[in-house]
Amino acid sequence: MALTGLIYNTSKGNDREQWRRSLAEAGLTLVDGSFEEGATASSKTAAVWYIAGGQCYTWDGGLPKEAPAGSTPGSTGGVGSGSWVSVGGNSLRKSLATPGSSTLVDPTMVKVSPQGNLSQVLRYVTPEQFVWPGETFRDGINNDAVQINRALTYIGEQGGGTVWLGAGDYYQLTSVVVHANTTLKGAGMYNTRLHALNAMPRKLNSITTANNLLIDTVATSDITGWEYIDGVVIEDLGVYANHPGRDPYRKGSSGLGTEIQACGVKLTSARDAIVRRVYVERALLHCFNVAAQTYFNDGDYTHSISGGSDRVVFEDCVGKNSLYDDIFTCHNSYNIKYSRCHASNDNTDPNMTWQNNQHGFEFDEGCQFITADNCVADYLMTGFQVKGHSTTMPCRDVVINSCHAKNCAWSYQIEHIERANAKSGVLATGVVLTNCISENAYNHRYATDDPVYRAKAAWLRSFNGIIIKNFTVIGGSGTIELDGGVESVVIDGVLFKGGYNGAYQNTNSAGLINVVSSQTRGHHVFKNIVVADAVNIPVVRCVDNTLVQGFTVQSVIARGDGEHPAIYCTLNVPATIKDLNLTGFTYAIYDTAGAESWGQYPTDVNVNIDSGQVMMRISGAPDPAVHPRRMSAMAMDVVTGTLWASRGNGANSAGIWAKVGLQS
């Protein structure tokens, strides 16, 4: 008899006589009864039938061994060396038999160095070993997840190991379920392909963890009895989740609602897990999702759910064309790292309806200590998003390093809606972008006529203390925009190249760095700015008289088109502006709080403003027609050292130039 016929059986043909004959060929005896009915193993060759599991077990401990009625192998001593051993656990016996003899070598009796026995190191199987007589496998019609899951269950029962999927196509109607300390490994992300058949229910994930309590149901806020799962590894395979076949008419026009599964790969309450070199295409909800057992929203944004995943790594993964939501996402989880991952949408799905939630990388509510390194997002609504919903804990402590967003409406978006609604609490903190690129940000997919949703190279909203360092903006129609209650942003090093072709071109209505009036807080710092190609828009626009702590603009090298000022701002707040190297702008600084006669600072005037105090270095006496006369402004003749001050009555108004003190 073929070796695979001894390993397990299925409900089809899972009868006592078939087992008796199969076991007899292997030198084993099927005893009367079963785990369900009660049975006794009196010898090493006595096998007890486990009807529900479709397999038989021998006892590897002291004899006789009783299996009470209503028991399972796990409840009557466990599975493994020295306990119940499945016939599949002894699969090497046939291959090690003496030619022409039915005598099998017991791997538990084969010593290995430095200690232990052979059965303890057999931790590598394939689903082909779990195909029962009469079954078909990999025919493109039947559910190959049955055999894959048998293999994964077997490895899980052994305490962990690897299930190997060779090159080629596998088809599924149910989820593939990975157990603790188990590796599901293919022959390469484009060589081993797991296909969802059209009849696979919409709500199911293609691959998920064995502890997922919602594996075959919808969401609930009352998840109890959940457990962590450790050591899951998924690598070197591809998933075609097939939303065109499973949801051909986009039944959930506004999303999947409570059907929160529907992912390519979903890890729930997972610890120390790795997903690497995995390709997922056309998932209904997310391509990759790591989370707690369920999403969480109890109306209190100051705390999060328990059971979040922890210490999970995604490496060299590729996600493409999710239908309703993000490519990569995490919720209520900690210490999640994405390295060299790629998210994209090629806009070829005929039933794709763009909404404002189809993002490349979404770091969502309740998450903390998230890192994205050397990742790419292409043609999505948002390339990289850090967020929290209005009634959930925001994601915090996020580092996005050396990432590249291309052809997205909003390349980088950082937002907590609760804070954007000007409610209390400053919980959304700790976001850093370093060495990142926004390329060709534009929006022609969603609410294109709404100014709120115009393209953004970076959209900074409602977080406190965002830091952006060494940021590059290449072409497109996106600005760096601050609004929605964002507080104390620091941008240190930004290069704009390739011009600007957005909705604000040829106006002063926005700047490349744009602070929306009455919507930000604290003190913003913008320094080390380079505009390599001429632009038809101000470099910085900040005309917010309510920004009482002011702003800083320092070290700017920029080229304009000769039609707009470089810095378009109000000096009614404590602004610091210095070290400007400008060509092709009408003015270096245009003070919107000043009248035409005293609010414009020419580019050829050396001007520094420190906490609202204006100092100009000029040759000769100040000319009221050239040198703005804002009250308390100073001007120094660099030839004679003579100092003038603008004097008068009332702050934030025009004065008259007068020499300062007794000067000879």
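The values are calculated or read from the model by the stated rules, or taken from the named source; none is laboratory data. Since the structure is predicted, the reported quantities are computational estimates derived from the model, not experimental observations. A quick note on method: Cβ atoms are made from the backbone with ideal geometry, for glycine too, and the neighbour counts reach across all protein chains shown. To get the accessible areas, we keep the full protein, side chains included, count just its heavy atoms, and leave off ligands, DNA and RNA. Shrake-Rupley method; radii C 1.70, N 1.55, O 1.52, S 1.80 Å.
Highest mean first, what order results for 286-293, 229-236 on Cβ atoms within 10 Å?
Numbers: 286-293: 28.4, 229-236: 20.8.
Ranking, from highest mean packing down: 286-293, 229-236.
Per-residue HN-Hα couplings for the range 388-403, Karplus 6.51 cos²θ - 1.76 cosθ + 1.60 at θ = phi - 60°, whole Hz, x for Gly and Pro?
x, 7, 5, 10, 10, 4, x, 5, 9, 6, 10, 10, 10, 10, 6, 9
Non-local amide H neighbours of Asn652 (under 5 Å, H modeled in plane, Pro and chain starts lacking H): which ones?
Those qualifying (amide H under 5 Å, at least 5 residues apart or on another chain) are Met631.
Probe radius 1.4 Å, ligands and nucleic acids left out: which of Ile51, Ile513 has the largest accessible area, and how do the rest follow?
Details: Ile51 60, Ile513 0 Å².
Descending accessible area places them as Ile51, Ile513.
Take the solvent-accessible surface of the protein heavy atoms, probe 1.4 Å, and return the percent of it on the chain that carbon and sulfur atoms account for. Walk me through the intermediate numbers first.
Numbers: 12290 of 24840 Å².
Solvent-exposed carbon and sulfur of the chain make up 49 percent of the total.
Which whole-number percentage describes the relative contact order of the chain, with Cα contacts under 8 Å and a sequence gap of 6 or more?
Reported relative contact order: 5 percent.
In whole Hz, with x marking every Gly and Pro, tabulate ³J(HN,Hα) for the range 474-481 from phi via Karplus 6.51 cos²θ - 1.76 cosθ + 1.60, θ = phi - 60°.
Coupling constants for the range 474-481: 10, x, x, 10, x, 10, 8, 10 Hz.
If I fit a long axis through the Cα atoms of helix 16-25 and take the longest principal axis of the Cα atoms of the chain, what angle between them do I get, 0 to 90°, rounded to 10?
The helix 16-25 is inclined about 80 degrees to the chain.
With n ≥ 4 as the cut-off for DSSP H runs, can you work out [θ] at 222 nm for the chain, using -39500 (n - 2.57) per run divided by the number of residues, rounded to the nearest 500? Write out the running numbers ahead of the final one.
Numbers: 5 runs with 35 residues, N = 664.
About -1500 deg cm²/dmol.
With respect to the cross-link table entries Lys337/Lys406; Lys266/Lys456; Lys111/Lys185, which display a Cα-Cα separation exceeding 23 Å?
Values: Lys337/Lys406 21 Å; Lys266/Lys456 30 Å; Lys111/Lys185 28 Å.
As for pairs spanning more than 23 Å Cα to Cα, those are Lys266/Lys456; Lys111/Lys185.
Provide, for q = 0.06 Å⁻¹, the log10 of I(q)/I(0) from a solvent-free Debye sum over equal Cα point scatterers in the chain.
Listed by q, the Debye log ratios stand at -0.47.
On a 0 to 90 degree scale, rounded to 10, what angle separates helix 145-157 from the longest Cα axis of the chain?
Helix 145-157 sits roughly 80 degrees off the main axis of the chain.
With every protein chain in place, what's the accessible area of Asp349 (1.4 Å probe, Å², nearest 10)?
Number for this one is 10 Å².
Which far-off residues, 5 or more places away or on another chain, put their amide H under 5 Å from the one on Thr162, with H placed in the peptide plane?
Distant-sequence amide H within range of Thr162: Tyr124, Val125, Thr183.
Which order, highest average first, do 621-627, 305-311 follow once you tally other Cβ atoms within 10 Å for each residue and take the mean per peptide? Intermediate values should be presented prior to the final figure.
On the way: 621-627: 15.1, 305-311: 20.6.
Going by the mean number of other Cβ atoms within 10 Å, highest first, we get 305-311, 621-627.
Can you give the accessible area of His342, probe radius 1.4 Å, in Å² rounded to 10?
Approximately 60 Å² of His342 is accessible to the 1.4 Å probe.
Before anything else, pin down the relative contact order of the range 263-322: Cα pairs under 8 Å, at least 6 apart, normalised by residue count, whole percent.
On the way: 115 pairs, mean separation 30.4, N = 60.
Relative contact order comes out at 51 percent.
For the range 48-58, just list the computed ³J(HN,Hα) in residue order, Karplus coefficients 6.51, -1.76 and 1.60, θ = phi - 60°, integers in Hz, with x standing in for Gly and Pro.
Along the range 48-58, the couplings run 10, 7, 10, 4, 4, x, x, 7, 10, 10, 9 Hz.
Would you mind putting 469-475, 639-645 in packing order, based on average other-beta-carbon counts within 10 Å, highest first? Provide the component values of the computation, followed by the final result.
Numbers: 469-475: 19.6, 639-645: 14.1.
So the peptides 469-475, 639-645, ranked by packing, come out 469-475, 639-645.
Accessible area per residue for the chain in Å², computed with a 1.4 Å probe and the full protein assembly in place, what is it?
On the way: 24840 Å² over 664 residues.
Accessible area per residue: 37 Å².
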